Amino acid sequence: MQDKIRKINNKVYYRIFKLILITAILMAVILGLVMESYNYYKDMMVISEQNNILSVATTVAAQMEGYFEKKDYYLREILNEPQFQEEFLKLTQGRVKEVKLIELLFRLQKQEYIALELIDKYGSLLKAYTNDPQYVYNMGEDVKKAIIAGKETYFIEPKGERSINITYPVRIDKDVLGFIRMKLNTNYIFSTYIADYKLNQKGYISLKDRYGRLLFHPSNEGIGEDVVEVRKRQYPNYDWSELESIVERQTNKETGVGTYHSIWPGEGKRVKKISAFTTSDVGDTFFIVNFSLDYKETISGIEGIRNVTILACLLLIATGLVIIGYIYRVEIKKNTLMVETVYLNELKEKNALLMHQSKFAAMGEMLATIAHQLKQPLNALKLSLYNIEDYYTLGENDEDYLKKLMESNYKFIDKMAKTIDDFKFFFKPQYEKLEFNVWEAVNFAIDLNTERINNLEIEVSLRGTQSLTIRGESNVFSQVVLNLLNNAIDAMTEGNGKKYIDIGIEEKEKEVIVEITDNGGGIQQEVQDRLFEPYVTTKGDHGTGLGLYISKNILKEKFNGDLLIENTEEGTKAVIILPKGGGSVYEQQLA
């Protein structure tokens, strides 16, 4: 009897041991799968984040390159002006005290400059245009280099004024009479192109020169010094080989991503960071644009899921050990349910990752839209500058005409500056209540396109009530109208025969309606149903597919309005619907 009991007990003990072993192995496998899945999605999230911030860094670098190319263009155009050459020669001879074109350039863009300097061929200062009454001229390495080489030089000064200097020789009949040095204000560049880019709580963009010396960093520590040497001096006991490797890649003009250990400003604690970097060319030198994020902050969302999953597994093991001899089949079902739970969690993580990526795509769309919306005002400004050039070249003597040109230029520049500010704060609530005249806002958009309209011989008519006002931001509304006008003009670029755009402003009981009708042939049916989706365009490679998408969002968010597009017999009609109350969605929520 005892032997039978012993055998039965042994079988029970063996069964319990086997079930415990199987459960332990099963749970170990599940935990391994969970951890492997966690590590996989963690790596994917880091890679995705690196690609996103690399896209932002590349966009910033491209914008900065465009900015410096524009400054180069200004200098070359001024240097070729006979008026400038004549006045500069007189300045070197002491016959005049001002050079009008340089004075005008500084007055229009003085916030962008530390100084505009006119220098003789020996390096002595002739005239400096600056906002600093205590400004002191310093010849510097760049002027010495320009004197020796007799050609333009580009120089990044990481210390002191922290300026970007572009120096061009002034030549008359191939003889160098002197130099003009444009000292660009890096604080302006940083605030315009970089300051608004911040990701998560600690993400930031920093700038270095080609030698790895810091130009901008949130901590403002070690500015003008080699970033690796600064860190080694601050924390000599840390291993900085990862940072050295990344900086070496950066100074070799590489574009890429990486991970390294460093410290956060003001904390002094060694942490892991992810970074993306590229370069921005300035003549024969370059900036290093670096975007850094906290590694733990990047993966914080998925870490919470990992901890919850591990805890659930441990609780399941404990429960299984207590009742394993009694509910074998129930435990199998629980394991199956747990696997299904893990699978659902993985799907949830994928969706969260896609939503995270869409945030950066929206940022890129906004940057592309700003460039798209500024294109026409810039063209108009360029044409006006050509008119000024012709004015002086042809020796005209019509001060009223010149004054009108200058006023037009100021208008374009002010409007572009405000456009940038408005789009910069587009997704931020703005509660200030403003009223503007709808007729004037529409007419302003037409004025911006006057040259294109005239060149294509398009007849534009504006009709309706001229005294209607609504609450909102007039320049933002004008941007929407401008985009719709551009679409209408683009549709008639290659057409023949009579071309027209009819704009009507109509007041109804509760709404203001603005209709823009053209005879440009209309929109293909397969595209029409998706017009307000991002990346849908009728212009092939010439369109971004964002114009109507952004315009509709502007009307909805800023004016609580709407945008409709429909085909007519001859072309397309765009209908802007504005509630008479005006105001944004945010204002109505506050009311």
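Sequence-ordered 3J(HN,Hα) estimates for region 221-233 from the Karplus curve with 6.51, -1.76 and 1.60 and θ = phi - 60° stand at 9, x, 4, x, 10, 4, 4, 5, 5, 4, 5, 5, 5 Hz, glycine and proline given as x. Exposure proxy for K208, K552, K382: other Cβ atoms within 10 Å of each Cβ, ordered fewest to most, give K382, K552, K208. Note on H261, H217: ascending count of other Cβ atoms within 10 Å places them as H261, H217, the fewest first.
Within a straight-line Cα-Cα reach of under 13 Å, K498 can be paired with the following aspartates and glutamates, leaving aside sequence neighbours fewer than 8 residues apart in one chain: E457, E459, D518, E570.
Extending 7 Å from Cα along the Cβ direction at L394 and again at L378 yields two label points whose distance is 2.8 nm. Other residues lying with their Cβ under 13 Å from the Cβ of Y129 contribute a combined charge of +2, Lys and Arg counting +1, Asp and Glu -1.
Near G520, the amide H atoms lying under 5 Å from its own belong to T572; only residues 5 or more places off or on other chains count, and H is placed 1.01 Å from N. For the residue pairs K70/K552; K127/K415; K100/K382; K70/K144; K97/K151; K110/K232, the alpha carbons lie more than 28 Å apart in K70/K552; K127/K415; K110/K232.
Rounded to whole Å, give me the distance from the Cα center of region 144-158 to that of region 27-72. Distance between centres, Cα-based: 38 Å.
Taking amide H as placed 1.01 Å from N in the peptide plane, the amide H of K580 sits under 5 Å from that of E511, V512, each at least 5 places away or on another chain.
Neighbour counting of Cβ atoms within 10 Å sorts the residues I148, I565, I420, I114, fewest neighbours leading, into I148, I420, I565, I114.
Read-outs throughout are calculated quantities, based only on the coordinates presented, and are distinct from any laboratory measurement. Quick caveat, the model's predicted, so the values are computed rather than measured. In this analysis, Cβ positions are derived from the backbone assuming ideal geometry, glycine residues included, and neighbour counts consider all displayed protein chains.
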